[in-house]
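Take a look at the structure set out below.
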Amino acid sequence: MSKAELIINKKRYIVSCEEGQEARLTKLGERLDKRVIGLAEVMGEIGVERLFLAAALSLLDELDDAEMDAGVKSLDERITAIEARAAKALSDAASRIESLSAHLERAH
């Protein structure tokens, strides 16, 4: 195990991580620091615990929105695929009807 140093709201934290993940964890820590500082500016000094809770909830809210957007996009893609298959089926049916109609006309 390796360790990464994070500074969140002017406080130093040492966090264990997998070997090679230090830089990624440090970047994530920087993003969390910006989030916590932004919340502190809006909410005031309400304590580290509450700031971290507010940051976690706001991040989860964004994640939830992103997951819903992804689900909607996935659903839209499925609908588009179904519409394309339906259009092809209608086109194939129209071709068959035209072919049968031509065959019947020749028979008369």
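FYI, it's all coordinate maths here, none of it is from the lab. Since this is a predicted model, take the numbers as computed values, not measurements. We place every Cβ from the backbone using ideal geometry, glycine too, and count neighbours over all the protein chains shown.
Semi-axes of the equivalent ellipsoid of the chain: what are they in whole Å, largest first, if each equals the square root of 5 times a C-alpha gyration tensor eigenvalue?
Working: eigenvalues 762, 64, 11 Å².
Square roots of five times the eigenvalues give 62, 18, 8 Å.
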Q.
Quick check: the angle from helix 22-43's long axis to the longest principal axis of the chain, C-alpha only, nearest 10 degrees?
A. 80
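Note the count of lysine pairs whose C-alpha atoms are less than 18 angstrom apart in the chain, limited to pairs 8 or more residues apart or on different chains. Write out the running numbers ahead of the final one.
Numbers: Lys3/Lys11; Lys3/Lys27; Lys10/Lys27; Lys10/Lys34; Lys11/Lys27; Lys11/Lys34.
Here the count comes out as 6.
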Q | Cβ-placed point charges (K, R +1; D, E -1), dipole of the chain about Cα centre in debye, nearest 20 | A | 180
Q. Highest GNM mean-square fluctuation, the chain, Cα pairs closer than 10 Å: which of Glu98, Glu62, Glu77?
A. Glu98
**Q.** Residue-averaged [θ]222 nm for the chain, counting only DSSP H segments that reach four residues, each worth -39500 (n - 2.57)
**A.** -28000 deg cm²/dmol
